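Everything below concerns the one structure shown next.
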2 protein chains.
Amino acid sequence: MQFNVERELSHMRETQISSEDIFHGKILHVKKDIIRLPDGSESFREIIRHIGAVCVIPVTENNEVIVERQYRYPIDRVILEIPAGKLDAPDENRLSAVQRELREETGYTADEWTDLGGLYSAPAYSDEYITMYLARGLHRGERHPDEGEFLDVSRVPLADLAQAVMNGEIPDAKTQICILKAARILGI
Amino acid sequence: MQFNVERELSHMRETQISSEDIFHGKILHVKKDIIRLPDGSESFREIIRHIGAVCVIPVTENNEVIVERQYRYPIDRVILEIPAGKLDAPDENRLSAVQRELREETGYTADEWTDLGGLYSAPAYSDEYITMYLARGLHRGERHPDEGEFLDVSRVPLADLAQAVMNGEIPDAKTQICILKAARILGI
């Protein structure tokens, strides 16, 4: 079965009439576009352009996951997340990028990498796309977090994390998806 | 085990020095805040304030899911998603909101609602929080989509959707989470 069907595109597509740059920041590029709807009427879309990102669920031989607890300013909370990071460039090799983020944030390297697909964080208003990986065959090394990055790294059994996701205790979207995918792959 | 640990907050917290309004749109409110990092140095955060949203995975007695195919302008693609929508007000009752969105977008009402927890779409730069529900005991009615909303509604077996998520064919984050949660709850 084909799920990413594009056949409806012709009668559903919205076309750009004009585009205004609202803000060109370090992370966020905000635009407001005037568009034509499929019925011919005009509307607008407020959109975020994002460079893209990668994340990884690193699972040990004992089915423990290397997780991070990190303060997130927009929500004023410390939450549990898997290692992740923005691309350095839109065309950066995503596997190289995720290997760098894992090494810098946790010190771990991995022998086996499995592509878990990607996710759009908020396709109604953002083009952010995060490519997800499962890493196994882990080796511990030295951490090199980015400047201004403060995070606690620890190990938690995947079974406990899957239960926590089901209980609504892991709010980060990419982390929920990778935990549930890894649990399903590993039969946990 | 407690996953939403706040004990690290004191030594990881970033404090606001100043806040600048960049853009106050219909959907997106963009701010740039100057902050103090835990080590005392200054930095900044580009952040999105979002009113919040709800979504629902409606599952029939035959374990089929009511899904939508919708054009998303920021990614110029038609993608498969579960019914969802923004809150009308930050303090709107989320169950009322999700019942309205299900009815308007698909025509369905439901007898049984299960809270599946929430998700932060992109906690590094946005406070958007989506509360997720599982709806069962469905009854079909009339659709009343919002003006400017063009979407195709159909039914797909949950088992096929779970396989599609595992194959990376369902890119929307909230849709992936709800499919995997529903599949885990229903043993599919």
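The values are calculated or read from the model by the stated rules, or taken from the named source; none is laboratory data. Only a predicted model underlies this, so the values are computations on that prediction, with no experimental measurement involved. Backbone-built Cβ (ideal geometry, glycine too); neighbour counts: all protein chains shown.
Brief remarks on what is shown
- Some residue of segment B:181-188 being buried (at least 20 other Cβ atoms within 10 Å of the Cβ), closer than 25 Å to A:Arg77 by Cβ and within 15 Å of the chain's Cα centre (by Cα): yes
- Some residue of segment B:132-153 being of a type outside the set (Phe, Trp, Tyr), within 30 Å of B:Arg45 (Cα to Cα) and surrounded by fewer than 22 Cβ atoms within 10 Å (Cβ to Cβ): no
- Against the numbered list (1) in contact (Cβ under 8 Å) with a residue 60 or more places away in the chain; (2) at positive phi, A:Gly137 comes up short only at (1).
- Candidates B:Gly52, B:Gly40, B:Gly25 - the one that is of a type outside the set (Val, Ile, Thr), on the phi > 0 side of the Ramachandran plot and modelled with pLDDT under 95: B:Gly40
- Residues that are touching a Ser or Thr at 6+ places or on another chain (Cβ under 7 Å) and closer than 20 Å to A:Leu186 by Cβ, drawn from segment A:116-134: A:Tyr133, A:Leu134
- Residue list for segment B:54-76, restricted to those being touching a helix residue (DSSP H, G or I) at 6+ places or on another chain (Cβ under 8 Å) and either of a type in the set (S, T, N, Q) or without any contact (Cβ under 8 Å) to a residue 60 or more places away in the chain (or both): B:Asn63, B:Gln70
- If the condition is being hydrophobic (A, V, I, L, M, F, W, C), more than 9 Å from chain A (Cβ to nearest Cβ) and within 18 Å of the chain's Cα centre (by Cα), then segment B:130-152 contributes B:Leu134, B:Ala135.
- Pick from segment B:59-89, criterion in a loop (DSSP other than H, G, I, E, B) and within 14 Å of another protein chain (Cβ to nearest Cβ), ranking: farthest from B:Leu116 (Cα to Cα): B:Asp76
- Top-ranked residue of segment B:90-127 - restricted to ones that are more than 14 Å from chain A (Cβ to nearest Cβ) and small (Gly, Ala, Ser), ranked as surrounded by the fewest Cβ atoms within 10 Å (Cβ to Cβ): B:Ser96
- Taking (1) in contact (Cβ under 8 Å) with a residue 40 or more places away in the chain; (2) within 24 Å of B:His144 (Cα to Cα); (3) crowded, with 18+ Cβ neighbours inside 10 Å in turn, B:His50 satisfies each apart from (2).
- Any hit, segment A:154-172, residues being surrounded by fewer than 18 Cβ atoms within 10 Å (Cβ to Cβ), away from chain B (no Cβ under 11 Å) and within 22 Å of A:His50 (Cβ to Cβ): no
- Screening B:Pro157 against (1) farther than 30 Å from B:Asp33 by Cβ; (2) within 19 Å of the chain's Cα centre (by Cα) leaves a single unmet condition, (2).
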